[in-house]
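> Have a look at this one.
The values are calculated or read from the model by the stated rules, or taken from the named source; none is laboratory data. Just so it is clear, the model here is predicted, and its values are computed rather than measured. Every residue, glycine among them, receives a Cβ derived from its backbone with ideal geometry; neighbour counts consider all protein chains shown.
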Amino acid sequence: MTRHVPGAHRTDKEEPTGMNNPANPQDPGNTAALLEIESIKQLKARYCRYLDAKDWRAWRAIFADDFVSDTSAAGGAVVVGADEFVEFTRRNIGKPAQTTVHQVHAPEIELISPTTAGGVWALHDIVALRPGLTLHGYGHYDETYEKSGGRWRVKSSTLTRLREDIATPLFSIRVSERMRNVGARFARKSAGQPSGKV
């Protein structure tokens, strides 16, 4: 199994230069670049807030229409299309009793062009799977962004996990990659979903 490498969207692994180099305050494009990066940070903050508030209409508006989600490395699926992804998420964690908490931090955002960007975010999420059964996940979002009509939107997102813990009121266990893969296959089979693209 090939392991996803966060930041693989990046065109070069060197330090950013030109308009994307905050270390160069003399660069005339620096202020504009920082404002664009801040806009992307605000976009990701809304992603988390709307998802956890289950505000599906507002959440849908942050994605490009041809958005692609890939959670296969974390035991999930590849979902193509923003509407399809919102519906997929709503079906899986959209019940009012399924409280979620998504916290992202330590962004690495790179402006690739005036209308495209990429970024990697560290993630800690908590998902109430069932009463008394909670998932604590740690990993990364590796994303691309597209600016159209003066607004940034999420174009693609790949989720990778570093660790998952299942907690109950009595104990907590670490979920190994093997356990996660078996559980994901069982969940897809139970839901009648194919194991490939959704």
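> Within segment 102-150, work out how many residues are part of a strand (DSSP E or B), within 26 Å of residue 36 (Cβ to Cβ) and free of Cβ contacts under 8 Å to residues at least 12 places away in the same chain.
Residues that pass the stated criteria total 1.
> Yes or no: residue 90 in contact with a Phe, Trp or Tyr (Cβ under 7 Å, 6 or more places away or on another chain) and either assigned to a helix (DSSP H, G or I) or modelled with pLDDT under 95 (or both)? Step through it out loud before you land on a result.
On the way: in contact with a Phe, Trp or Tyr (Cβ under 7 Å, 6 or more places away or on another chain): yes; either assigned to a helix (DSSP H, G or I) or modelled with pLDDT under 95 (or both): yes.
In short, yes.
> Next question, about the same structure. From (1) within 21 Å of residue 80 (Cβ to Cβ); (2) of a type in the set (Ser, Thr, Tyr); (3) within 14 Å of the chain's Cα centre (by Cα), pick out the condition that doesn't hold for residue 148.
Only one criterion in (1) within 21 Å of residue 80 (Cβ to Cβ); (2) of a type in the set (Ser, Thr, Tyr); (3) within 14 Å of the chain's Cα centre (by Cα) is unmet by residue 148, namely (3).
> Looking at residue 160, is it in contact with a strand residue (DSSP E or B) (Cβ under 8 Å, 6 or more places away or on another chain), among the polar types (S, T, N, Q), surrounded by 12 or more Cβ atoms within 10 Å (Cβ to Cβ) and under 13 Å from residue 40 (Cα atoms)? Lay out the reasoning, then the answer.
On the way: in contact with a strand residue (DSSP E or B) (Cβ under 8 Å, 6 or more places away or on another chain): yes; among the polar types (S, T, N, Q): yes; surrounded by 12 or more Cβ atoms within 10 Å (Cβ to Cβ): yes; under 13 Å from residue 40 (Cα atoms): no.
Considered against the rule, which asks whether it is in contact with a strand residue (DSSP E or B) (Cβ under 8 Å, 6 or more places away or on another chain), among the polar types (S, T, N, Q), surrounded by 12 or more Cβ atoms within 10 Å (Cβ to Cβ) and under 13 Å from residue 40 (Cα atoms), residue 160 comes out as no.
> Quick check on this structure: which one of 66, 125, 83, 55 is at pLDDT 95 or above and closer than 20 Å to residue 163 by Cα?
Only one candidate qualifies: 125.
> Which of the following residues is of a type outside the set (Asp, Glu), within 19 Å of residue 54 (Cβ to Cβ) and either in contact with a Gly (Cβ under 7 Å, 6 or more places away or on another chain) or modelled with pLDDT of 95 or more (or both): 120, 154?
Every option except 154 fails the conditions.
> Return a yes/no flag: does segment 1-16 have any residue that is among the hydrophobic types (A, V, I, L, M, F, W, C) and either touching a helix residue (DSSP H, G or I) at 6+ places or on another chain (Cβ under 9 Å) or at pLDDT 95 or above (or both). Give the steps one after another, and end with the answer.
Let us first name the residues in segment 1-16 that are among the hydrophobic types (A, V, I, L, M, F, W, C), namely 1, 5, 8.
Imposing the further condition that a residue be either touching a helix residue (DSSP H, G or I) at 6+ places or on another chain (Cβ under 9 Å) or at pLDDT 95 or above (or both) reduces the set to 1.
For segment 1-16, residues among the hydrophobic types (A, V, I, L, M, F, W, C) and either touching a helix residue (DSSP H, G or I) at 6+ places or on another chain (Cβ under 9 Å) or at pLDDT 95 or above (or both): present.
> Something else: Which members of segment 167-178 meet the condition of being under 26 Å from residue 143 (Cα atoms) and among the β-branched types (Val, Ile, Thr)?
Passing the criteria: only 175.
> Output the number of residues of segment 163-187 satisfying the condition of being free of Cβ contacts under 8 Å to residues at least 40 places away in the same chain, among the hydrophobic types (A, V, I, L, M, F, W, C) and under 26 Å from residue 81 (Cα atoms).
2
> I'm trying to understand the selection: among the residues of segment 163-198, which are at pLDDT below 75, among the small types (Gly, Ala, Ser) and touching a strand residue (DSSP E or B) at 6+ places or on another chain (Cβ under 8 Å)?
172, 196
For (1) within 15 Å of residue 157 (Cα to Cα); (2) among the aromatic types (Phe, Trp, Tyr), each residue gets a yes or a no:
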{"position": "43", "(1), (2)": "yes, no"}
{"position": "50", "(1), (2)": "no, yes"}
{"position": "55", "(1), (2)": "no, no"}
{"position": "59", "(1), (2)": "yes, yes"}
{"position": "77", "(1), (2)": "yes, no"}
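> Report, by residue number, each residue of segment 125-145 that is more than 15 Å from the chain's Cα centre (by Cα) and among the charged types (D, E, K, R).
Passing the criteria: only 130.
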